[in-house]
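**Student:** Dropping a structure here in structure tokens format, bear with me for questions.
Where a number appears in this text, it was derived from the coordinates with a stated rule and is not lab data. Please read these numbers as outputs of a predicted model, since none were measured by experiment. Here the Cβ is made from the backbone with ideal geometry for all residues, glycine too, and neighbour counts use every protein chain on show.
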Amino acid sequence: MKISFFGATEGVTGSNYLVETNGVKFLVDCGLFQGDREERLKNWEKLPYDPSEIDFIVVTHSHIDHIGRLPYLAKMGFSGKVYSTEPTHEFAKIFLEDTTHLLKNEAENLGQEPLFENEDVLKATALFETTGYHQKVSAGEVEIEFLDAGHILGSAIVKLTIEGKTVIFSGDLGNPPVPLLRDTEFIDSADAVIMESTYGDRLHHPADQRKIELEKFIEEAAARKGTVLMPSFAMERTQEVLYELSELFASGKLDPIPVYLDSPLAIKATEIYEKFPEYYDREATDLVKKHVDFFGFKELKFTETSQESMGLDRDMTSKVIIAGSGMSNGGRIVHHEKVYLPIPSTMLLIVGFQVNGTLGRRLIEGVEKVKIDGKEVFVKAQIESIDSYSAHADQAKLVEWVVKVTSGGRKIILTHGEQKAKEVLAGKIREAANLEPIIPKSGEVIEI
């Protein structure tokens, strides 16, 4: 069999792998490229394969850099099955619909035609066939099994059995322990492991510091009567933060302060979370059994309409605003940033990975002024980050995960990371497991 690498090679986004074996062609993931203009333009490049010839697709999870081009594939003739977990399918429906609107603006800015329309989203999401963890599915001669990646709700490590060989696609590996989710599962044997390396050159702060830092930063901003802006991804990060805020308020560690979830998409995602308690970890499951509503604490308010959102920018009292997008590259958060970044009492609290070229990345790097909607905005706000909220495993956890693979061919292939992250992680794996990881280039083909 051979695997062609068509995304997440020279960067973090655009996950897309073509597997060919015994006349069968299938994809693992087909996501959008995100980041600067050069990266985003890749979404409009001609695909290196004919979508109508793809037999099926296996999806690791519902982040747009893993599923964002599925509607385009359907538009271009793909009509096979898309295998995923049930939460991934549910999230895909709302995220791909939202992405359609964002891509229309993106296309206009880049001088391109829209990549796909709503009808293509409906066509793509109708192709999904869902299954749970540890339930083996046969797609012709290929056996598919999903294991819990612990990254977001429904995220999966993909285990493929092909030609008597085991091939693992890590998808995005989680950063346990985290609220709501079970820990990432380990693999003990594989002939090839295609794994992410997002934080391959970094270590997160200890997870038990996460809630302490959240409490501290909100208290600091409240003490100076400032507003906390939190750019957050609609799924996982938002729900984790809400879970821990509910605990902080319930325990009295935080004085009451209004918390606004200012994202219709995040509100829809939270409703999906409530549909799948069977995917929660033991602690969250026990709370559900006790009828604790960690997505409905009294300080939390949902702002669904644009009028309600704009009202937050006229209200200068102390509050927390959680809004998308998570990298400040669109959505309601940028409108709040335009108003609040020049105010010294504001705190911008980053709780997720910021891709090169995004506004969030520039802000966390300490720029003194930015352009938002063509307007120059001076940055006087306090910029902080809590990297232990990352949904990705750090260097130590990535190494721990891969060294558990102790048998089989053990060919380790690193993707989904910036070049430095991959190179540093390769060195650590070399030291820990006496293996020589491969770092493929875009379009490279590797025989397994």
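**Student:** Normalised radius of gyration for the chain, please: alpha carbon Rg relative to 2.2 N^0.38 Å, two decimal places.
**Tutor:** 0.95
**Student:** Quick one, can you get me the convex hull of the C-alpha atoms of the range 191-303 expressed as volume per residue in Å³?
**Tutor:** With only Cα atoms used, the range 191-303 gives 160 Å³ per residue.
**Student:** Tell me, how many Å apart are the Cα centres for the range 35-113 and for the range 146-217?
**Tutor:** 23 Å
**Student:** Dividing the Cα convex hull volume of the range 207-389 by residue count, how many Å³ per residue is that?
**Tutor:** Enclosed volume per residue, from the Cα hull, is 113 Å³.
**Student:** In a GNM of the chain with a 10 Å cut-off on Cα contacts, which of K123, K404, K25 has the highest mean-square fluctuation?
**Tutor:** In the Gaussian network model the winner is K404.
**Student:** Another question about this same structure. To check you understand DSSP bridge types, tell me what percent of the beta bridges within the range 207-389 (both residues inside) are antiparallel, rounded to 5.
**Tutor:** Among the beta bridges of the range 207-389, antiparallel pairing accounts for roughly 20 percent.
**Student:** Treating the angle as unsigned and between 0 and 90°, give the value, to the nearest 10°, between the Cα long axis of helix 264-275 and the longest Cα principal axis of the chain.
**Tutor:** 60 degrees
**Student:** Please state the relative contact order of the range 215-284 as a whole percent: Cα pairs under 8 Å, 6+ residues apart?
**Tutor:** Computed over the range 215-284, the figure is 34 percent.
**Student:** Right, another one. Step through the residues of the range 433-445 one at a time and calculate ³J(HN,Hα) from phi using the Karplus curve (6.51 cos²θ - 1.76 cosθ + 1.60, θ = phi - 60°), rounding each to whole Hz and writing x for Gly and Pro.
**Tutor:** Each residue's phi maps through the Karplus curve to give 10, 6, 10, 10, x, 9, 10, x, 8, 4, x, 5, 10 Hz.
**Student:** Next question. Based on other C-beta atoms within 10 Å, arrange H151, H61, H335, H291 from fewest to most.
**Tutor:** By the 10 Å Cβ count, ascending, the order reads H291, H335, H151, H61.
**Student:** Report, in listed order, any pair from K225/K380; K301/K371; K136/K268; K2/K411; K136/K159 with a Cα-Cα distance greater than 18 Å.
**Tutor:** K301/K371; K136/K268
**Student:** To continue, here is another question. Expressed as a rounded percentage, what relative contact order does the chain have, with Cα pairs under 8 Å and six or more residues apart?
**Tutor:** 20 percent
**Student:** Once you have a ≥ b ≥ c as the square roots of the Cα gyration tensor eigenvalues for the range 10-94, tell me rounded if a/c is under 1.5, and otherwise prolate or oblate according to whether a/b is larger than b/c.
**Tutor:** Oblate is the answer for the range 10-94, as a/c is 1.5 or above yet b/c matches or exceeds a/b.
**Student:** Percentage of Cα-Cα pair distances in the range 138-257 greater than 24 Å, rounded to whole percent?
**Tutor:** That tail contains 43 percent of the Cα-Cα pairs.
**Student:** Once you've got the GNM for the chain with C-alpha springs shorter than 10 Å, pick whichever of E299, E418, E236 has the biggest mean-square fluctuation.
**Tutor:** Sorting by GNM fluctuation, first place goes to E299.
**Student:** Filter K104/K369; K298/K369; K81/K211; K397/K441 down to the pairs with a C-alpha to C-alpha distance above 29 Å, please.
**Tutor:** Details: K104/K369 27 Å; K298/K369 36 Å; K81/K211 41 Å; K397/K441 24 Å.
Check vs 29 Å cut-off fails for K298/K369; K81/K211.
**Student:** Could I ask something else about it? Once the principal axes of the Cα atoms of the range 61-179 are found, what is the range along each, listed largest first in whole angstroms?
**Tutor:** Between the extreme Cα coordinates on each principal axis of the range 61-179 lie 46, 37, 21 Å.
**Student:** Scaled to the compact-protein estimate 2.2 N^0.38 Å, what is the alpha-carbon radius of gyration of the range 374-427, rounded to two decimal places?
**Tutor:** The reported ratio for this selection is 1.77.
**Student:** Right, next: Taking amide H atoms as placed 1.01 Å from N in the peptide plane, list the residues 5 or more away in sequence, or in a different chain, whose amide H sits under 5 Å from that of K411.
**Tutor:** When sequence neighbours closer than 5 places are left aside, the close amide H contacts are A192, V193.
**Student:** Among the aspartates and glutamates, which have Cα under 13 Å from the Cα of K165 when same-chain residues fewer than 8 positions away are ignored?
**Tutor:** Of all the aspartates and glutamates, those that pass the test against K165 - Cα under 13 Å, at least 8 places apart if same chain - are E141, E143, D191, E447.
**Student:** Please report the antiparallel percentage of the DSSP beta bridges confined to the chain, to the nearest 5.
**Tutor:** Counting only bridges with both partners in the chain, antiparallel ones make up about 45 percent.
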